[in-house]
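Asks: Let me give you the structure first, and then I'll get to my questions.
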């Protein structure tokens, strides 16, 4: 025990040598004051004790430290209360965020259920009407039913549209809560209607049944030239170039259709509802900004506003009611724009393809897992999560890739038409199979 700083209680000048328990608190005595003090009496109360026997909590130094701590306690208490208030606010914000998130989920669930119920009701009505038409046709003319499946039944099959499913993820932290809605792999329109994927290049045609994985190859009696291709349904392939043809995938015969208002090579083709859109193209080695629409009902072309940039030899992507045009043959070879079939207008997006792709004039694009993927003929792929990332991510792939025909997503694979052959691209490993 340190008693060096304990002074005599009587004279206050010299360090205490002993203490006496005759008073409270104890008296501390130096050698000079010890005699006079003990002369007061010979009782036990005035018996001197060595300083080493004094309990530590009774030393003046200890008492001073306790007094200092007591004076500091209000400040410590204030700081502790401030921290408690911060935790209380975090708890309230967290709780409010969770409640808001739950409210948004409930609202979105109700809206989605409402839409799905509308689809269900329409399908029920159309199915009932179709069955009535089939029964009526069967009763009246069985051969006609066998060959045509009934007019109403055929219309129903053409009107069926796939819809996308969503997954939900709830992200929370002590200061915020948010609902993130993520796309699952969208159902391919072609996959919902057909198990066949046709790859056409010049005179070579390959039909691939992705359920049985059977392949049928044909050499056609005509040459499509440098044209864009789009599979309208299981049995029909639309070819758009200097000439416009529909190719029957059953008989392998071609039917001439109305030509483009401005005939051109390798336009990018995309289909939305009952219309096909031809974006850009090439004439005399010059890329164009033209855009035209082909109505399935009357199979005629109408002119639309021009794109902001010239493009050719690319495949547009359809996602969330918009076409994304990432063809690299543009004025600066990097610009990306979107097209709305509803308003028939183009918008330049605040994102560009990576500079390393400047010299890639052919590309294949598709939407998978909510990402726009652009494959090029220099063995590279650019990926961009639609509307949620500020730039493309660049990665190498194991072969060159270019096509003037829309790819199709089937499960975890993208089927790509490459020089009249079907190639498979894995969406799990981002490599060719």
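What follows draws every value from the coordinates through simple rules; no lab data is involved. Given the structure is predicted, the values throughout are model-derived calculations rather than measurements. Reconstructed Cβ throughout: ideal geometry from the backbone, glycine too, with neighbour counts over all protein chains shown.
Asks: Give me the percent relative contact order of region 301-391, please, defined on Cα pairs under 8 angstrom at least 6 residues apart. Don't skip to the answer; put the middle values down first.
Replies: Values: 183 pairs, mean separation 21.4, N = 91.
Here the relative contact order equals 23 percent.
Asks: What is the Å³ per residue value for the convex hull set by the Cα atoms of region 194-432?
Replies: Working: hull volume 27.8 nm³, N = 239.
That works out to 116 Å³ per residue.
Asks: Continuing with the same structure: Under 8 Å for C-alpha pairs, at least 6 residues apart: give me the relative contact order for region 194-432, rounded to a whole percent.
Replies: On the way: 642 pairs, mean separation 34.8, N = 239.
Worked out over region 194-432, it gives 15 percent.
Asks: With a/c under 1.5 counting as rounded, go ahead and sort region 251-352 into rounded, prolate or oblate using the C-alpha gyration tensor (a ≥ b ≥ c being the square roots of the eigenvalues; past the cut-off, prolate if a/b is larger than b/c, else oblate).
Replies: It is oblate, given that a/c is not under 1.5 and a/b is not larger than b/c.
Asks: Applying a 10 Å radius around every beta-carbon, put 363-370, 84-91 in order of their mean neighbour count, most first. List each step's numbers first, then the result.
Replies: Working: 363-370: 22.0, 84-91: 11.0.
In descending order of packing, they fall as 363-370, 84-91.
Asks: Going from the alpha-carbon gyration tensor of region 195-248, what semi-axes, largest first and in whole Å, does one get by taking the root of 5 times each eigenvalue?
Replies: On the way: eigenvalues 80, 30, 12 Å².
Semi-axes (√(5λ), whole Å): 20, 12, 8.
Asks: Let me make sure I get this right: for region 206-293, a, b and c are the square roots of the gyration tensor eigenvalues over alpha carbons, sorted descending. Under 1.5 in a/c it's rounded, otherwise prolate if a/b > b/c, else oblate. Which is it?
Replies: Since a/c reaches 1.5 and a/b is larger than b/c, the shape of region 206-293 is classed as prolate.
Asks: Another question, if that's okay. Would you mind putting 72-79, 285-292, 309-316, 100-107 in packing order, based on average other-beta-carbon counts within 10 Å, highest first?
Replies: The most tightly packed comes first, giving 309-316, 285-292, 100-107, 72-79.
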